[in-house]
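Trainee: Pasting a structure below so you can have a look.
Computed from the coordinates by the stated procedures, all read-outs in this text should not be read as laboratory data. Just so we're clear, the structure is a prediction, and the values are computed from it rather than from any experiment. All Cβ positions, even for glycine, are placed from backbone atoms using ideal geometry, and neighbour counts span all protein chains on display.
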Amino acid sequence: MKDNKGNNGLNAVLALVPYCITLTCSLVCSLDMPDGVMQSKELFFLFGTGTLVFLFFIQLCFSKDIIYPSLNRNQAWAILFLIYMLLSAVKYNQTTVAIPAHILCNLCVLIFFVLSLFLFQHQKYLPTALPLLVTATAICQATIGILQYLGILTGFHFKFIVTGLFLNPAPYAQYLAVLFVLVYTFLLFHTAATNKRWLFILYILLLISLALLLVYLESRSAWLGIITSVGLVTLLYIKKYHSPLYSKVKKKTIPGLFIGLPLLAVGLYQLYQLKSNSANGRLLTWKVTCSMIRDHLLFGVGNGNFASSYSQYQHFYFKIHPEKIPTYGWLADDVRYAFNELLQIFAETGIMGLGLFSLLLLFFFTTTIRAYHIVIDKKQSKLLLLSLAGVVVILIAGLFSYPFSILPLKLMFWLLIAQGFSVAIKSNATFLQPPLWQKIVMALSSVCFVSFISLFAVRRAKALYKWGQLLTTQEQEKIAGSYANRLLPLCPTLADNSSYMISLGKALYSDSNFTKSIEILTTAKKITPNKEVYYMLGHAYKRTGQFQKAEQQYLFVRFAIPNLISPNFFLTKLYFDNKKWPEFKKMADIVVSFQLKKLSEQGQQMIEETYYLISQSPYKQ
C-alpha cells in the first residue's frame, strides 16, 4: 500500500463538509416562499449534496492515487436500507411530477451517507473541528430561541412563541436535545486543567441555556431522549475512564433500582399528565396505524405515503366503531405522522423495511459500543460516544414524535450513524492509480449529477419564489382568474407540493373552472390528508351537480375527524339545497347541538346560519 499523505489530508478537510452542511441546514430559513422554513432547508440540502459530490470527485480526479474502500457488513446494511427506502418511494409515488422532491431527497440522503462513510475514515481534523462546529451551531440555535422568547424575533407557529427555525416547538426541542448531548459529551472529555478553561465555562453556560429552553418548550420526547442519552454516555464514560467510580455505582445498582423504578413510574405518569390530551391522541394514532400495518404487512403503503393513507384508515376506524367517537373523536385530526418512527417505517415500508432498520440499529449499537471499549485513542472514543449520544436522543424522541420527517434531524441521524461505523470499523482501503478514462468518467459523472441537482433546485426555488410573490400581492383576492392562470404554469414543478395544489384548486374554483379544480384537488388528495382538499372537492362537485360525490367528500371528513363542525354544516347545506329534508333535519340537529373544541367565530356563524336554514325548511317552528 502506498503512502498518500496529501490525498489523506485533503480528505480529512473534506470530512468536515458533511457536518457543515448538516449543521447549517438547521439554520436556513426563507420568508420569501410559502412554507419557506422547511422548503429552504430542502433546497439547501440539495445544493449541499451537489457541492459535496463535486468536491469529492474533483479531488479524486486530481489525486495521483484513488482510494477504493471496502464496505463492511454494517456499512453495506445501512446502504441497503437507504436503497430500499428510495425504491419504496419510487414504486409507490403518488405525484404527477416526473421527479418529485421527496424522491430526490431520498437519493441525496443515500449519496450523502455513502460519501460521509468514506470521508469519516480520515479523522485528522474531525475531533478538533467538530466541537467548534457543534458549539457554534448550539450558540446560534439557543440565541434564536432566546430572542423569540423575548419577542425580538417571531416564531413560525401562531400558537407558540418559540419555535426556532422550525414550524413548531417539537422539532426545535429535539434538535436542541441533540446539541445538548453532543455538548455534554464534549464536556466529559474536556480537561479543565488545560489552558482552555474558558471553553469549559462556555460548555457549562451553553448547557444551562439549552436546558432552560428545553424546559420552556415542554417537549417530553426531547426530555426522555436527553435523560436516556446522558445516562448511557455517562455510564460508558466512567466505566472506561473512572473504573473505581463505576465499581461503586455497579454495587449500588440493585438498591438503586428499588428506589429508581417507583420514581421512574411517577415521573412517566407526570409526563403523561403534563399533556394528557396529546398523549391520548398518540394512542389513537398508533391504533389506526396498526390497522394500516395489518393491511400492508409486507411492503407497506410506500415511503412518503403515510399521511394520505392514514386519513383513510382513521375514517374507517370511526365509521366501523362509532362507539369510539365519544372517547377518541375529539382527539382526531388530519394526522401527517405516526408519532412513532418504528411504526411509521413499518406502515410505509412493511416488515421488510422495519427488519432492515432494526438490524441496522443492532449492528450500530453492538459495533460502536464494542469499539468504544477497545480503542485506546481518546479522540476516537469521543467520536464514538458522540455518535451514540446523538443517535439515542433521536431514537428515543422518535418513539413519540417524528424526527425522521424533519430534514436537519434526519441528516444528523445518518451523519452520526456514518461516523460511528467509520470510526468503529477500519476499512481495508486500497490505493490504486486509475487509467485516464476512469478519471474522465468520474469527472463527467460528477458534473452531470451536480448539474442535474443544481438545475432541479434552481427551477424549484424559482417556482416557490414566484408562488410566494403571487401570494404576497394577494392576486387571488383581486382577480381570481388572473391568479389561477399565473399559478398553472408552476404546476409541472410544484405538483408534489400539497399546499400549492390546494391553493391552485381553490383559485380554479374561484374562477368557476370547476372541472379543472376537481382534477387538481383529486390529485392533491393522493398526497395530503388536509381537510381543505375534501371541502373544496365537495364544493366543486356540488357546483357541477354531482350531489353524491359532494356528499362523499363531506362524509369522509365527518368520520375521519369527528370533532369538526364544518363537514356537518356543509352536509346540512347540501341536503337543504337538494331538499332532502329527513337528512337535512338530522344534520341540522347535529350542527346546532355541536360541542366544539373551542367556540370559534366561524363555528358560531355556522350554527347561526343553520338556524336560519331551519327557519326556511319544513321543520321551521
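Trainee: What full-extension length gain, to one decimal in nm, is calculated for PHE200 and GLN546 as 0.36 nm per residue of separation minus the Cα-Cα distance?
Mentor: 117.6 nm
Trainee: So what J values fall out for the range 349-360 if you push phi through Karplus, 6.51 cos²θ - 1.76 cosθ + 1.60 with θ = phi - 60°, rounded to Hz, Gly and Pro as x?
Mentor: Using θ = phi - 60°, the values come out as 10, x, 5, 5, x, 5, x, 4, 5, 4, 5, 4 Hz.
Trainee: Still on this model: Cross-link partners among aspartates and glutamates for LYS324, C-alpha distance below 18 Å, same-chain residues fewer than 8 apart left out?
Mentor: List returned: ASP333, ASP334.
Trainee: Return P(r) of the range 84-141 (all Cα-Cα pairs; 5 Å bins starting at 0; whole %; ordered from short to long distances).
Mentor: 4, 15, 16, 14, 13, 13, 11, 10, 5, 0
Trainee: Rounded to the nearest 500 deg cm²/dmol, what is the calculated helix-only ellipticity per residue at 222 nm for the chain, with -39500 (n - 2.57) per DSSP H run of length n ≥ 4?
Mentor: -24500 deg cm²/dmol
Trainee: Moving on to the next point. What are the ³J(HN,Hα) values, in whole Hz, obtained from phi via the Karplus relation 6.51 cos²θ - 1.76 cosθ + 1.60 with θ = phi - 60°, for each residue of the range 120-125 in sequence order, with x given for Gly and Pro?
Mentor: 6, 6, 10, 9, 4, 9
Trainee: Given LYS41/LYS526; LYS410/LYS439; LYS506/LYS573; LYS410/LYS549, which pairs have Cα atoms separated by over 29 Å?
Mentor: LYS410/LYS439; LYS410/LYS549
Trainee: So what are the three principal axis dimensions of the range 23-177 from its Cα atoms, in whole Å, longest to shortest?
Mentor: Computed over the range 23-177, the largest-to-smallest principal extents equal 55, 46, 29 Å.
Trainee: For the range 15-126, what is the relative contact order in percent, using Cα pairs closer than 8 Å and at least 6 residues apart in sequence?
Mentor: Relative contact order comes out at 36 percent.
Trainee: List every residue whose amide H lies under 5 Å from the amide H of ASN72, counting only residues 5 or more places away in sequence or on a different chain, with H placed 1.01 Å from N in the peptide plane.
Mentor: Amide H to amide H, under 5 Å and 5 or more residues apart or across chains, ASN72 pairs with nothing.
Trainee: For the chain, what relative contact order do you get, as a whole percent, if you take Cα pairs closer than 8 Å and at least 6 residues apart?
Mentor: For the chain, the relative contact order is 19 percent.
Trainee: Roughly how large, in nm² to one decimal, is the mean projection of the convex hull of the alpha-carbon atoms in the chain?
Mentor: Directional mean of the projected Cα hull area for the chain stands at 32.3 nm².
Trainee: Classify the range 325-458 as rounded, prolate or oblate from the Cα gyration tensor: take a ≥ b ≥ c as the square roots of its eigenvalues, call it rounded if a/c is under 1.5, otherwise prolate when a/b beats b/c and oblate if not.
Mentor: oblate
Trainee: By how many nm would the segment from GLU608 to ARG370 lengthen if fully extended, with 0.36 nm per residue of separation less the alpha-carbon distance?
Mentor: 78.9 nm is the gain from fully extending GLU608 to ARG370.
Trainee: If each residue of separation counts as 0.36 nm, what is the full-extension length gain between THR327 and ASP377 once their alpha-carbon separation is subtracted?
Mentor: Here the answer is 12.3 nm.
Trainee: Compute the acute angle (0 to 90°) between the alpha-carbon long axis of helix 601-615 and the principal axis of greatest extent of the alpha-carbon atoms of the chain; round to the nearest 10°.
Mentor: Rounded to the nearest ten degrees, it is 20.
Trainee: Mind giving me the nanometre distance, one decimal, between the label points for LEU87 and TYR125, set 7 Å out from Cα along Cα→Cβ?
Mentor: Calculated label separation equals 3.8 nm.
Trainee: Another question, if that's okay. At most 11 other Cβ atoms within 10 Å and a DSSP loop assignment: could you name the trypsin sites (Lys or Arg not before Pro) in the range 124-213 that fit?
Mentor: LYS159
Trainee: Hey, another quick one. As an exercise, use a Förster radius of 35 Å and the Cβ-Cβ distance of LEU147 and LEU488 to find the FRET efficiency, rounded to the nearest 0.05.
Mentor: 0.30
Trainee: Moving to a separate point now. What does the highest-first list of 401-410, 89-98, 131-140 look like by mean Cβ count within 10 Å?
Mentor: 401-410, 131-140, 89-98
Trainee: Another one. From the backbone phi of the range 328-338, what are the Karplus-calculated ³J(HN,Hα) couplings (6.51 cos²θ - 1.76 cosθ + 1.60, θ = phi - 60°) in whole Hz, Gly and Pro given as x?
Mentor: Taking θ as phi minus 60°, the curve returns 10, x, 6, 9, 6, 7, 7, 6, 9, 10, 7 Hz for the range 328-338.
Trainee: Right, something else. Compute the long axis of helix 101-119 from its Cα atoms, compare it with the longest principal axis of the Cα atoms of the chain, and write down the angle in degrees, 0 to 90, nearest 10.
Mentor: Roughly 10 degrees between the two axes.
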